[in-house]
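The values are calculated or read from the model by the stated rules, or taken from the named source; none is laboratory data. Values in this document were obtained by computation on a predicted structure and should not be read as measured data. Every residue, glycine as well, gets a Cβ built from its backbone with ideal geometry; the counts of neighbours run over all protein chains shown.
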Amino acid sequence: MSLVIEQSQPVPLRSDTDGVIRVAGTRVTLDAIAYPFEHGATAEEIVQQYPTLPLAEVYSVLGYVLHHQTEVAVYLAGRAEDRSAVREENERRFDPQGIRSRLLARPRTTPQEG
């Protein structure tokens, strides 16, 4: 029996319309795989967090991450900047100071029994 070695197995990553890279056919982002891996998570642990991902695809993505460390690091840094900018904009528009007291001060309504 001989083993067939595929030379060009595509990496299951796709860029969506916003430029966010996701595992093809899922809503799982590259960030959601790369960050835990960088902090010591195994492929199996990542699949436990995202059971819709096949283990083989996680390994494929991790292989891509390892082969393209510089490019992935630049992409992830850009995503972190984007998240920070969105957070700052939201905090500017919707002051988080005193939110708890404002929510508690709202009149309480009870659901109608029916």
Can you spot a residue in the range 87-110 that is of a type in the set (S, T, Y) and in contact (Cβ under 8 Å) with a residue 12 or more places away in the chain? no
Requiring at least 3 residues that are under 18 Å from E81 (Cα atoms), the helices (runs of 4 or more DSSP H) wholly within the range 1-71 are 30-38
Set T52, T17, T29: member being under 24 Å from G78 (Cα atoms) and either among the aromatic types (F, W, Y) or at pLDDT below 95 (or both): T17
Which ones in the range 35-71 are surrounded by 12 or more Cβ atoms within 10 Å (Cβ to Cβ), of a type outside the set (F, W, Y) and in contact (Cβ under 8 Å) with a residue 12 or more places away in the chain? P36, A43, I46, Q49, L53, E57, V58, S60, V61, L62, G63, V65
Where residues in the range 82-114 are assigned to a helix (DSSP H, G or I) and more than 30 Å from I21 (Cβ to Cβ), which of them is modelled with the highest pLDDT? A105
